[in-house]
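Report on the structure given below.
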Amino acid sequence: MDRSAALALHEAMLLTRLTEERLVKLFRQGHTMGSVYRSLGQEATSCATAFALGEEDLIAPMIRNLGSMLVRGVSPEEIFLQYLGRGTGPTGGREHNNHFGGIARGLIAPTSMLGALIPVCAGVALAIQQKREQRVVMTWIGDGGSSTGAFTEGLNFAVVQSLPLIVVGEANGWAYSTPPAKQMKGPMSARSQGAHTLVVDGNDANEVFEAASEARTICLSGDGPVFLVCETYRLKGHAEHDDQRYVDPAELEAWAKKDPLPRFEAWMKAQGWNPDPKLPAHLEARLAADAEHALGAPPPDPSTLLEGVFSG
Ligand SMILES: Cc1ncc(C[n+]2csc(CCOP(=O)(O)OP(=O)(O)O)c2C)c(N)n1
Ligand SMILES: [Mg+2]
């Protein structure tokens, strides 16, 4: 990774953290339509993976992958409008977190049902292969999600068809309040269905980026899919309404010391590539203005209520 890439990746990770912090404030003030799902401590697995892609590639994020969306050009303002259910937001107030997309912008909308995105992405990757296009699809899956039938079938199909699909496994220690060992035997990498499998320190942005770049090269050479398992940790509860009372505080403390953001900053400093010290304040000011704008945006127009819905 060169200096300009490192600076851009660092900014994306910081923007992710600060955008989520701003969302938490909006949640606590009672402005959001639902809960807020943080990726605190997992910014490297969302940002450094998406950062390794080309413009022509597609992503299919899950709820904890806001960072990948910001990397791909979604604006924090769109995110705020969406969480606040505003009529001018990406879904016009029909949905209230990151469930929106658009193929033209390389974004396959998240699906809440865990695992369900894997067969969808395998289908998109099959179309790419049939059209002989040089691009890949990337999606993410959690510990719990990797125990579903949809995950297993979708990845198995991608393996048998050698599809250009990168599945990023976020092994973050929890599936809501269930520890993975109560749901599955063995590590996440054991569920690869025979795909090329890379296991990395998911809190080391540099390592994640290098592995995601390798995964992309493997997929473009026709040897996909790749299961890229990132070992990380969910530093917050499942969402803001979850107080994490089932988590051992000592475990949290140990993982907080491996926070990917200061680790990446330390690595950058060691290269002599110091991030701009004014960057956090600059991003905070931008996010405050974006949030203010979203708060002032109108609710959905009631006359549009039936637009975009199916009827029998
Ligand atoms: C098929 C299915 N079962 C249950 C749920 C409810 N649910 C949403 S998130 C979640 C836990 C997910 O854990 P994991 O896959 O490890 O992802 P993480 O939240 O740790 O990122 C559950 C059980 C769901 N969305 N879909
Ligand atoms: Mg998990």
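Just so you know, all these numbers are worked out from the coordinates, no wet-lab data involved. None of these values were measured; they are calculated from a predicted model. Neighbour counts run over all protein chains shown; Cβ positions are idealised from the backbone, glycine included.
How many residues are more than 23 Å from Ser68 (Cα to Cα), in contact (Cβ under 8 Å) with a residue 40 or more places away in the chain and either within 10 Å of ligand 2 (Cβ to nearest atom) or in contact with a Phe, Trp or Tyr (Cβ under 7 Å, 6 or more places away or on another chain) (or both) when one looks only at region 144-200?
Count: 2.
Which condition number in (1) farther than 30 Å from Pro300 by Cβ; (2) free of Cβ contacts under 8 Å to residues at least 40 places away in the same chain is the one that Ala8 fails?
Only one criterion is unmet by Ala8, namely (2).
Counting only residues that are free of Cβ contacts under 8 Å to residues at least 60 places away in the same chain and part of a loop (DSSP other than H, G, I, E, B), which one in region 36-81 is farthest from the chain's Cα centre (by Cα)?
So, considering only residues that are free of Cβ contacts under 8 Å to residues at least 60 places away in the same chain and part of a loop (DSSP other than H, G, I, E, B), the one farthest from the chain's Cα centre (by Cα) is Glu55.
Output the residue which, of all residues in region 162-216 that are under 16 Å from Thr139 (Cβ atoms) and charged (D, E, K, R), is nearest to the chain's Cα centre (by Cα).
Among those residues, the one meeting the criterion is Glu170.
Only residues that are over 27 Å from Leu26 (Cβ atoms) and surrounded by fewer than 15 Cβ atoms within 10 Å (Cβ to Cβ): list them for region 250-276, please. Reasoning before the result, please.
As a first pass, look at region 250-276 and keep what is over 27 Å from Leu26 (Cβ atoms): 250-251, 253-254, 257-258, 263, 266-274.
Ala250, Glu251, Glu253, Ala254, Lys257, Ala266, Lys269, Ala270, Gln271, Gly272, Asn274 - these are the residues of region 250-276 that are over 27 Å from Leu26 (Cβ atoms) and surrounded by fewer than 15 Cβ atoms within 10 Å (Cβ to Cβ).
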